[in-house]
Amino acid sequence: MDNLKEKTANGLWWAAMSNGAQQLVMLLIGIVLARILSVEDYGLVAMLTAFSLLATNLQERGFTSALCVKETATEEDYNSVFWFNIGVSACCYFILFFAAPLIADFNDAPQLTLLARVMFLNFFIAAFNVVPTAYLLRNLMIRQKTSSQVVASILSGVAGIAAAVAGWGCWSLVAMDLTYKLTYTLQVTLHARWRPSLHFDLRPAWKTFGFSSRLLATNVLTTCNNQLIQV
């Protein structure tokens, strides 16, 4: 019990420190990028923000939360959710890939087609960190998770600024997002003491989905409402 209390206290401390450090890093990066990029660059990426937020909710507020609150999470649960999430994310990216021209036409911005197709890769990449993240949280390995976020923020910021200085324009923001997802996914995968196996049983994923779908519906509705208010 004392060990659990100590782990919980350490986890809360690391979470608070990480949140502060990450906010400071992103603020500094944002200030630098704002002096280099134009309003049009930010505007193009902002047109795709709603899709990115929904994708994040589908993953982080769905299976990650469900695995964390599950009374017991077995190897079969982790493995089933991992492969199920990869499959769903691949299908969603496939749909968004072909929907990109429609998004570009709707916003009257032809350049959004390629931009969206590359930016939406974040959704597929993030699918690989859902289970490792849940594993770290369930085992109170908060320091490993939060340090991964801070390091990913710094590296992605460096990549974004370098791309902006090189004249990439709006693509520097996409490069920054992709770098964050890649570096964060790699780190939490290395930290987590879990690796997927090729054995796949859909039943544990469906059981987990029963709970995660309720969390997901709530968060998706909240995200949509916030986006409508901003519009």
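The values are calculated or read from the model by the stated rules, or taken from the named source; none is laboratory data. Bear in mind that the values here come from a model prediction, so they are computed numbers and not experimental data. Cβ sites come from the backbone with ideal geometry, for glycine too, and all protein chains shown count toward neighbours.
With respect to Ala192, determine if the residue is modelled with pLDDT under 90, of a type outside the set (D, E, K, R) and under 19 Å from Ala66 (Cβ atoms). Considered against the rule, which asks whether it is modelled with pLDDT under 90, of a type outside the set (D, E, K, R) and under 19 Å from Ala66 (Cβ atoms), Ala192 comes out as no. Checked against the criterion of being within 24 Å of Ala175 (Cα to Cα) and modelled with pLDDT of 90 or more, segment 49-56 contains not a single residue that satisfies it. If only residues of segment 127-172 that are of a type in the set (Phe, Trp, Tyr) and over 29 Å from Arg35 (Cα atoms) are counted, the one that is surrounded by the most Cβ atoms within 10 Å (Cβ to Cβ) is Tyr135. None of Thr208, Thr218 is at pLDDT below 85, of a type in the set (Val, Ile, Thr) and surrounded by fewer than 19 Cβ atoms within 10 Å (Cβ to Cβ) except Thr218.
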